[in-house]
1. So, with +1 on the Cβ of K and R and -1 on the Cβ of D and E, and no other charges, what is the size of the charge dipole of the chain about its Cα centre, to the nearest 20 debye?
2. Sorted by accessible area with a 1.4 angstrom probe, largest first, how do ASP96, ASP202 fall?
3. Per-residue accessible area for PHE97 at 1.4 Å probe radius, Å² rounded to 10?
4. Counting Lys and Arg as +1 and Asp and Glu as -1, what is the net charge of the other residues whose Cβ lies under 15 Å from the Cβ of PRO189?
5. Only residues of region 113-147 count here: report those whose backbone N is under 17 Å from the spot 7 Å along Cα→Cβ of LYS213, or say none.
6. What nm value, rounded to one decimal, do you get for the distance between GLN113 and GLU186 when each label is placed 7 Å out toward the C-beta?
7. Mind giving me the FRET efficiency for GLN221 and LYS139? R0 is 25 Å, r the Cβ-Cβ distance, nearest 0.05 is fine.
8. Given a 1.4 Å probe, how much area per residue of the chain is accessible, in Å²?
Amino acid sequence: MKKNIVITGTSRGIGYELAQQFAEKGHQVIALSRNNIPLEKLNHPNIHAIATDLMEETSLEKSASIIIEKYKQVDILINNAGMLINKPFEELTTTDFLNVYKVNVFAVAQLTQKLIPYMKHESHVVTISSMGGIQGSMKFPGLAAYSSAKGAAITLSELLAEEYKEKGIAFNVLALGAVQTEMLEEAFPGYQAPITAKEMADYIFNFALTGNKIYNGKVLQVSSSTP
């Protein structure tokens, strides 16, 4: 059955791969990213790219209005966009923390808040987090802002699963280990992750479509390595 699927962070990496996979399978993809050019080049009839700055609340509101007006219903929301700053803790500024939280936490909350009235029973909200946000996991110096933000996103999702369980809307988190993406390369130049963006997208694709039948309010650790 064809679904309306909203994905953030679709200009590259996992989000870019996911948009293509869902579109190829006949689903309607609404792709939110600051840079629309990569997806527009595909010229796929099932992909509607909306230029969105997740750090700006007005931009998010405008994009949500477009989605609601055009599609009326959202079946799956994948909060995939992420922002990572790798800096020694003492060099992190309040602005650094705020920017990382804007993308990894506030935008997740705001977009979900705008779209949830248009989700029905069996809708699924999937938030992409990180192993760095898992309590008790191995932590890496330089990622104080990023890992703490990803931890906040996990707690938010657990809470929303409880708050919306009577409406039948499922909220789950995938805490990813290292995936070979441009974001990883920028943060850790030269590091080779064991998983490609395409391989991780394959997993998320299936989980987004079927995971809510089995899970709600859960955090799945999707990692074969450390990090």
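1. On the way: 20 positive and 22 negative charges, 121 e Å.
Roughly 580 debye, rounded to the nearest 20.
2. Values: ASP96 20, ASP202 55 Å².
So, going from the largest accessible area down, we get ASP202, ASP96.
3. So the heavy atoms of PHE97 present about 60 Å² to solvent.
4. So the environment of PRO189 carries a net charge of -2.
5. 121-125
6. Simple spin-label model gives 2.6 nm for this pair.
7. Values: r = 14 Å, r/R0 = 0.58.
About 0.95, to the nearest 0.05.
8. Numbers: 11040 Å² over 227 residues.
On a per-residue basis, 49 Å².
The values are calculated or read from the model by the stated rules, or taken from the named source; none is laboratory data. The model shown is predicted, which means the values in this text are computed figures rather than measured ones. In this analysis, Cβ positions are derived from the backbone assuming ideal geometry, glycine residues included, and neighbour counts consider all displayed protein chains. We work out accessible area using only protein heavy atoms, side chains counted, and drop any ligands, DNA or RNA first. Shrake-Rupley method; radii C 1.70, N 1.55, O 1.52, S 1.80 Å.
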